[in-house]
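Accompanying notes for the structure given below.
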Amino acid sequence: MIRNTNAEVRQEAINKINEAIMETNPCNNNVNGKSAIPSKVSRKPSQKDTIVNINGVLVGGAEIVVIAGPCAVESREQLFETARSVKAHGAGILRGGAFKPRSSPYNFQGLGEEGLKLLSIISKEIGLPVVTEVMDTRQVEMVASYADMIQIGSRNMQNYPLLKEAGMCKKPVLLKRGMMATIDEFLLAAEYILNQGNDQVILCERGIRTFETSTRNTLDLSAVPMLKRLSHLPVIVDPSHGTGLRWMVPSMSKAAIAVGADGLIMEVHYKPEEAICDGYQSLNLDEFRLLMAGLNKIAKAVGRGISTLKAAHI
Ligand code: PEP
Ligand code: MN
């Protein structure tokens, strides 16, 4: 009989301890990259990746999708000029907030329904689907009637009534990770949406709060392979809110693609120095063009492409 090596015996003992932790402590969902969450978001053996269809743009397949646009909708000119340029340089989806979650009640709160109307009109003029945030259960239907995908922001990741309402609406949902949320809490939040019958959900890593203050948040890129391992849902990364620094957005975007992200969402503004909201982390139009050219090389290196990089110039 062949005796087990010390390393094998040790590994067996560790496995037994891990199994015991999984069985006895419901808070310890993550052991060695395995999740104990029994749920609709979990990846079952041999399950295919979910592909989310945003009015014809597919997220979660072989091609990487870049979502770009201003933090907030400010005016027709601002949105149109930004949208036109990001599309010409390969963005697949337009972003822009009409309802803004601001830390101070005295800051610009967004244009509200007027902003939604601009988003809807300009997205059609330009020919890009649009994603925008919803913050209130009472506005889900209205926001969904203007947008191709609704966004639930970091501050609302654990707003359970809002998650349920989003789960009942017929539009895809972009769910951003709460800034204090663990991976399991993030997946359980997504579970609320799936549980209502809406499986068109994209997970977005947007940085978490740590003791580090040199960046706005700490962009947790290890969340990407972890989420992809635990769940079948597409995962995208927001390097704008994740770092809070315009100059760091290109390198973190490349890193996100390299670790397996299915897409990116980033803030781009035609005049970042005049932006009402988050200008310091917004790329200008030329910076976005350069970033897209660099991204294509990384995408190719990991066997992928950027979905609309061949988009017609308009
Ligand atoms: C946003 O994308 O506009 C936003 C407010 O992001 P977050 O919810 O990640 O802070
Ligand atoms: Mn912003």
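The values are calculated or read from the model by the stated rules, or taken from the named source; none is laboratory data. Keep in mind that this is a model prediction, so the values were computed, not measured. No Cβ is skipped: glycine too gets one built from the backbone with ideal geometry, and neighbour counts run over all protein chains shown.
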Legend entry - Matching residues in the range 209-226 - criterion: being surrounded by 15 or more Cβ atoms within 10 Å (Cβ to Cβ) and away from ligand 2 (no atom under 16 Å from the Cβ): T218, D220, L221, A223, V224, M226
Inset, instruction - Residue by residue through the range 96-113, note down the ones that are within 21 Å of the chain's Cα centre (by Cα) and farther than 13 Å from A147 by Cα. - result: K100, P101, R102, S103, G110
Inset, instruction - Kindly provide the set of residues from the range 225-259 that are part of a helix (DSSP H, G or I) and under 16 Å from A62 (Cα atoms), ordered by number. - result: P225, K228, A256, I257, A258
Inset, instruction - Starting from the range 65-80, take each residue that is in contact (Cβ under 8 Å) with a residue 24 or more places away in the chain and more than 10 Å from ligand 1 (Cβ to nearest atom) and list its partners that are in a helix (DSSP H, G or I) and of a type in the set (G, A, S), counting only C-beta distances under 8 angstrom and pairs at least six apart or across chains. - result: V73/G115
Legend entry - Close pairs (9 angstrom Cβ cut-off, 6 or more residues apart or separate chains): farther than 12 Å from I150 by Cβ in the range 165-182, at pLDDT below 95 and crowded, with 20+ Cβ neighbours inside 10 Å anywhere: none
Legend entry - Unmet requirement for F186, which otherwise passes all of (1) within 19 Å of D262 (Cα to Cα); (2) in contact (Cβ under 8 Å) with a residue 60 or more places away in the chain; (3) away from ligand 2 (no atom under 16 Å from the Cβ): (2)
Legend entry - Qualifying positions in the range 110-160 - over 21 Å from R84 (Cα atoms), part of a helix (DSSP H, G or I) and out of contact with any Leu (no Cβ under 7 Å at 6 or more places or on another chain): E113, R138, Q139, V140, E141, M142, A144, S145, S154, R155, Y160
Legend entry - the range 82-108, subset hydrophobic (A, V, I, L, M, F, W, C) and in a loop (DSSP other than H, G, I, E, B), residue surrounded by the fewest Cβ atoms within 10 Å (Cβ to Cβ): F108
Inset, instruction - Mind telling me which of the residues L163, L221 ends up being touching a helix residue (DSSP H, G or I) at 6+ places or on another chain (Cβ under 8 Å) and part of a loop (DSSP other than H, G, I, E, B)? - result: L221
Inset, instruction - Go through the residues of the range 56-69 one by one and say whether even a single one is surrounded by fewer than 23 Cβ atoms within 10 Å (Cβ to Cβ), closer than 16 Å to C277 by Cα and either in contact with a Gly (Cβ under 6 Å, 6 or more places away or on another chain) or modelled with pLDDT of 95 or more (or both). - result: no
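Residue-wise test of (1) at pLDDT 95 or above; (2) over 18 Å from the mean Cα position of the chain (by Cα).
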| residue | (1), (2) |
| --- | --- |
| S251 | yes, no |
| G260 | yes, no |
| H269 | yes, yes |
| L283 | yes, no |
| E287 | yes, yes |
| V302 | yes, yes |
| I314 | no, yes |
